């Protein structure tokens, strides 16, 4: 920002310098033409009078030239001011033409355009979030309300009553999961370090998550093949459980009935590597670019349940562990998520 200030300040100084030069040259030209023509004979002032008239003429002429040049030089600042006023009013479609300038002004315009683009993306994602979450919340809430009303019917059989209660319980769990994802992501966004680390068995943790999700993947007749080396890793056990759980839920959700999900876990001296591969519907390159964005859902039809927060949560937890997440996907052939987390060792110094 400092270099932008000095660049604009230089333009202002240069403006008045060239206005002064132009004034002197123009006045010199006028006097020269008057002396070369008969007009000089009609000029009534000499001595101090001539100097006074010359000074007044220079001031007036210099003022006119300065106003013209300043108006031209300060146009970029005026354009930027008007654009910022439009952004403040909520217009995120404004774009400044940076190609007309070079140096710091071009950088300033490019930075402004990038800022507006980010604001527009954020506004779009927030709008999508409100639309997605309201839709996803509406379904379980409608189930809870509808089946709770049906339970008031005294003529229900015991089987029907149990069935309705089970639906209400599952809908409540779905609401709780979505709310938990939102709160977890909000908390992690303000967190900069991982605390409460400990050694734990990653392979056993992944097995437990696969077993807990058994009703979901068995109902679709999916085959899950875990290849998990015995791994003892130092990290936050609760947060890493979110990673495996969200990746498994994602694979189950987008893998058609009868498909396969492969889960592998390996660890060498420096990295823990866990891979989730499915034979699901895959993703287009456009979806892959945004799949880790908050509130983004590639399936805009809402046929697949979700708030668009699971993969954003995965990426944030991996980042807090200073790891990386990679995605390879081909439409109709499946997706592969690879998580790499650095191997750390606790500080045992006194």
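Numbers for the structure displayed
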read-out	value
Virtual spin-label span in nm between residue 336 and residue 121, 7 Å along Cα→Cβ	2.7 nm
Sorted by Cβ neighbour density within 10 Å, fewest at the top, the residues 274, 291	291, 274
Rounded if a/c under 1.5, otherwise prolate or oblate - region 159-269, Cα gyration tensor axes	oblate
Ranked list, fewest to most other Cβ atoms within 10 Å of each Cβ, for 322, 269, 277	269, 322, 277
Extension reserve of the residue 286-residue 227 stretch, reckoned as 0.36 nm per residue once the Cα distance is removed	18.1 nm
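Quick note: the coordinates plus some simple rules give every number you see, no bench work behind them. Everything quoted here is computed from the prediction, not taken from an experiment. Heads up, the Cβs are rebuilt from the backbone with ideal geometry, glycines too, and the neighbour counts pull from every protein chain shown.
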